[in-house]
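**Q** Next up is a structure, given as structure tokens.
The values are calculated or read from the model by the stated rules, or taken from the named source; none is laboratory data. Please read all numbers here as calculations on a predicted model, not as lab measurements. Glycine also receives a Cβ, built like all others from the backbone with ideal geometry; neighbour counts cover every protein chain displayed. Surface areas here come from the heavy atoms of the whole protein model, side chains and all, with no ligands, DNA or RNA. Shrake-Rupley method; radii C 1.70, N 1.55, O 1.52, S 1.80 Å.
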Amino acid sequence: MAIDKAFWQGKRVFVTGHTGFKGSWLSLWLEDMGAVVRGYSLSVPTIPSLFEQANVSDGLLSEEGDIRDHLHIRQSMADFKPEIVFHLAAQPLVRLSYEDPVETYSTNVMGTVYVLEAVRAVGSVKAVVNITSDKCYENREWVWGYRENEAMGGYDPYSNSKGCAELVASAYRNSFLILKIMTSMGLH
């Protein structure tokens, strides 16, 4: 199936974590598809970085910010009025999660809450893609990949925080998105 480039033309897309490796690639792809992209992230996480090497900031609106700053992210999203949000910002390191579990949980769990609260407040968003990790699933030491119907789990703070972020996204989807759809159909 081919990607419909016309779908992305002019779409307003908000990307958290756009300075990271995956966020940089996603931003470049969205730019190539013709989307209008606003990135929201901490400063570049590594030296060298794909973000700087590929001049990602040349094709988008780049804003430095912490997803745990709920007022700042809400204002950034309100100013931009995105149609689509990709949430990639995270504390992504297992080892750091052992050294500083509070930072890991506050970023990966409460940061996700603040992003989704900003989405609720802005009103223009039609779709949210919450990126976590396969580490969000209970580790059964299998040789094959985990599926989305596997049990949430994770015995280390990083993996557990990613499972929590998945549960947060599920709660917001079920509590607010479905309610919004039902209300718009006159069913609530």
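**Q** Relative contact order for segment 1-84 using alpha-carbon pairs under 8 Å, separation at least 6, rounded to a whole percent?
**A** Numbers: 136 pairs, mean separation 28.0, N = 84.
For segment 1-84, the relative contact order is 33 percent.
**Q** Taking a ≥ b ≥ c as the square roots of the Cα gyration tensor eigenvalues, with a/c under 1.5 meaning rounded and otherwise prolate when a/b beats b/c, else oblate, which class fits segment 25-85? Intermediate values should be presented prior to the final figure.
**A** Values: a/c = 2.66, a/b = 1.21, b/c = 2.19.
Since a/c reaches 1.5 but b/c is at least a/b, the shape of segment 25-85 is classed as oblate.
**Q** Extension gain residue 100-residue 177, at 0.36 nm per residue separation less the Cα-Cα distance, in nm?
**A** On the way: separation 77, 0.36 × 77 = 27.72 nm, distance 3.31 nm.
Full-extension gain reported as 24.4 nm.
**Q** Based on the alpha-carbon gyration tensor of segment 104-178 and its eigenvalue square roots a ≥ b ≥ c, which shape applies: rounded if a/c is under 1.5, prolate if not and a/b is larger than b/c, or oblate? Present the calculation step by step, with values, prior to reporting the outcome.
**A** On the way: a/c = 2.83, a/b = 1.82, b/c = 1.56.
Prolate, since a/c reaches 1.5 and a/b exceeds b/c.
**Q** State whether segment 18-125 is rounded, prolate or oblate according to the following rule on the C-alpha gyration tensor (a ≥ b ≥ c being the square roots of its eigenvalues): a/c under 1.5 gives rounded; otherwise a/b larger than b/c gives prolate, and the remaining case gives oblate.
**A** Working: a/c = 2.19, a/b = 1.10, b/c = 1.99.
Oblate.
**Q** Around residue 36, which amide H atoms from residues at least 5 apart in sequence, or from another chain, sit under 5 Å from its own amide H, with H modelled in the peptide plane?
**A** Hits under the 5 Å cutoff: 10, 11, 12, 13.
**Q** Please compute the length gained on full extension between residue 129 and residue 58, using 0.36 nm multiplied by the number of residues separating them and subtracting their Cα-Cα distance.
**A** Numbers: separation 71, 0.36 × 71 = 25.56 nm, distance 2.37 nm.
Extending this stretch completely gives an extra 23.2 nm.
**Q** Calculate, for segment 1-96, the solvent-accessible area per residue in square angstrom, rolling a 1.4 angstrom probe over the heavy atoms of the protein chains. Spell out each step's value before the answer.
**A** Values: 5250 Å² over 96 residues.
Accessible area per residue, segment 1-96: 55 Å².
**Q** Amide H neighbours of residue 129 under 5 Å, at least 5 residues apart or on other chains, H built in the peptide plane: list them.
**A** Residues meeting the amide H criterion: 85, 86, 87.
**Q** Let me ask another. Return the FRET efficiency for the residue pair residue 69, residue 143: r is the Cβ-Cβ distance, R0 is 41 Å, and the value is rounded to the nearest 0.05. Don't jump to the answer; show the numbers that get you there.
**A** Values: r = 41 Å, r/R0 = 1.00.
Efficiency, rounded to the nearest 0.05: 0.50.
**Q** Leaving out ligands, DNA and RNA, and with a 1.4 Å probe, what % of the accessible surface on the chain is carbon or sulfur?
**A** On the way: 6200 of 10740 Å².
Reported share for carbon and sulfur atoms: 58 percent.
**Q** If you restrict to DSSP beta bridges whose two residues both lie in the chain, what percentage is antiparallel, to the nearest 5? Intermediate results must be reported in sequence, preceding the final value.
**A** Working: 1 of 18 bridges.
Antiparallel bridges: around 5 percent, rounded to the nearest 5.
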